[in-house]
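Notes follow the structure.
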Amino acid sequence: MNKHPNKIYASPILIFLGFAALIYINLQVSLDRVNFYVIGVLSVVAINIILTVSLNLINGITGQLSIGHAGFMAIGAYTTALFSIHLGTPIYFNLLVSGIAAGFVGFLIGLPTLRLRGDYLAIATLGFGEIIRVILQNLRFTGGAAGLGGIDWVDNFYLTQFMAIVVVIVVWRIGASAPGRAMVAIREDETAAETVGINTTKFKVMAFALGSFGAGIAGSLFAHRMTYIAPDGFTFMKSIEVLVMLVLGGLGSITGAIFSATLLTVLPEFLRFIDEWRMIIYPALLVTVMIFRSQGLFGTMELDFARVKSILKKVAPENLGPEKGKSNPPMQKIKALGFDSQEQKPILETKDLSISFGGLKAVKNLDMQITQGSLHGLIGPNGAGKTTVFNMLTGVHLPSSGEILFNGQRIDGNSPYSVAQAGIARTFQNIRLFKDLTVLDNVKVAFHLHADYGLGTAVARPPKFGAAERRITSEAKELLEIFKLGDHCMTIARNLPYGAQRRLEIVRALAVSPKLLLLDEPAAGMNVLETEKLMELIHWVRDEFDLTIFLIEHDMSLVMKLCQTISVLDYGMKIFEGTPEQVRKDPRVIEAYLGEEVS
């Protein structure tokens, strides 16, 4: 996976050259200065751009490894062929129906397969791609191995070019929206994405269906261009060809997908003069590029017109963020971010909660109650089951038995995104930021539950979209300012100092607008000064945002000074619960964990 910033901005010169080339080509075609062969090659370029950009939505943006894209192209091509041959339908109708057919099959295939990950997903999609080809090869009405001919030929150079532009714009708009940020978050860290309220299965299936829709459109255009199709035109090697185009351009980069699809379509034609040698030179060039540029030609670089505009106006990047020296927003502004005051009452209860991993019972019959507005600690030796408790509370692990009640409602067995929607957010013992996204984007991802628009709005971009995005950006920046991270908005998260990464993870959790915040060893790896600042920060967060905080921590000095109530686990069982003073003096706690009284 790419280990570079999610957005790097291209030079205005690159944008100008791209548009100039497009205008020049169309001018030459309109003046009949380009022969039929060149027009054909340019049509294939546009079709390959559609295929590569649509696959980028699945593999690059969402991070799912699919290698069966040719199968969905085949569905689009055969749908078009059947409608064109038997019903004589126009190409515009065929494009729509073919896209829908491929998208629907992609949706059906995506539902079961996208629960898999990595190599298993790749094997599953490869299998489905081959199944589609074999089915087409053996059905009588698809012409079997002989294929189908007599498809209406349409001089569709301009239409193919137009559809390529439409697909690029749609995928770009999706990527630069809340649904797109959700997809990128899945790519970066699926578990962390779920804990900020993202239904990962929904967005993976959505990306797969939309990517398949694009492949269906490419198949339809291909069928009308060739007028004859056969199953051997949609083999595994076609899927690999599209995947190579994507990887060469840069996973996640729409600009890279366009460039590599164009290059790898045109280059073999330029090398025809050396006959068989082109079959050696062509792959050798690919291998060379991937050795010296493993992230692809463009990495994750994109053309960004807003950035170009700022360059042309000579606007300094620092002037685009929050004002320096701006004081923290008043409480009424903080409330507007979604944090409402709470009454003092029990907010979380566990009853007889247990979980087993094989023969190991990690947590046994845990009964616990956390009072609303309190600071509640959970301590115990390593391996006592503390993080396992957090994982059950947030839906990461399914309890074997018992109940979890949040605000009186059972949440045991709920998915992590459902738990986040209910109002529980968390940090992790080992920091799980979206490390290759900017600090600002990390927080904007966590506003997913409050985006107030869906996929259709992201593509259509009505005024509602702009208003929602401005609100999300503004509130994300305000939260970062509060936590002294405002100057790092455009810093890649992995480049932050350790303490700042811890603060950013807390900011991201707060952006979910939780009622209960779980902090898993927030002081781990910090020095004494950083720990003192963290303790002040946790107190401030609890008071200012009216939160209940439940934390795991090994720094007993911090726990004793910070928490009002402490629960103690040992071998998965609660051995004591009480105030810091009571915990400090209990002989069971001293024997199992403290060793001596903590001052």
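Screening segment 512-538 for residues that are touching a residue at least 40 places away in the same chain (Cβ under 8 Å) and more than 28 Å from Ile472 (Cβ to Cβ) and picking the one that is surrounded by the fewest Cβ atoms within 10 Å (Cβ to Cβ) gives Ala524. Return a yes/no flag: does segment 407-427 have any residue that is more than 21 Å from the chain's Cα centre (by Cα), at pLDDT below 95 and acidic (Asp, Glu). Yes, segment 407-427 contains at least one residue that is more than 21 Å from the chain's Cα centre (by Cα), at pLDDT below 95 and acidic (Asp, Glu).
Taken as a whole, segment 451-472 holds no residue that is under 19 Å from Leu534 (Cβ atoms) and under 20 Å from the mean Cα position of the chain (by Cα). In a residue-by-residue description of segment 578-594, the property of being in a strand (DSSP E or B) and either at pLDDT 90 or above or farther than 29 Å from Pro514 by Cα (or both) applies to at least one position. Only one of the numbered conditions (1) touching a strand residue (DSSP E or B) at 6+ places or on another chain (Cβ under 9 Å); (2) surrounded by fewer than 19 Cβ atoms within 10 Å (Cβ to Cβ); (3) in a helix (DSSP H, G or I); (4) not polar (S, T, N, Q) is violated by Leu405, and that is (3).
Examine segment 386-399 for a residue that is in a strand (DSSP E or B), of a type in the set (A, V, I, L, M, F, W, C) and under 24 Å from Ile198 (Cβ atoms), and state whether such a residue exists. No, because not a single residue in segment 386-399 is in a strand (DSSP E or B), of a type in the set (A, V, I, L, M, F, W, C) and under 24 Å from Ile198 (Cβ atoms).
Given the structure, is Ala164 in a helix (DSSP H, G or I), of a type outside the set (S, T, N, Q) and surrounded by fewer than 14 Cβ atoms within 10 Å (Cβ to Cβ)? So Ala164 fails the test.
Exactly one residue out of Ile198, Ile169, Ile165 is β-branched (Val, Ile, Thr) and modelled with pLDDT of 95 or more: that is Ile198. Residues that are modelled with pLDDT of 85 or more and assigned to a helix (DSSP H, G or I): does segment 514-525 have at least one? Checking segment 514-525: not a single residue is modelled with pLDDT of 85 or more and assigned to a helix (DSSP H, G or I). Taking segment 114-142 as the range and being within 22 Å of the chain's Cα centre (by Cα), part of a helix (DSSP H, G or I) and in contact (Cβ under 8 Å) with a residue 60 or more places away in the chain as the test, only Thr125 passes. Taking segment 177-228 as the range and being crowded, with 24+ Cβ neighbours inside 10 Å and either outside any helix (DSSP H, G or I) or in contact with a strand residue (DSSP E or B) (Cβ under 9 Å, 6 or more places away or on another chain) (or both) as the test, the residues that pass are Thr195, Val196, Gly197, Ile198, Gly219, Phe222, Ala223.
The values are calculated or read from the model by the stated rules, or taken from the named source; none is laboratory data. Note that the structure is a prediction, hence the values are computed from the model and not measured. Ideal geometry is used to build each Cβ from the backbone, glycine not excepted, and the neighbour counts take in all protein chains shown.
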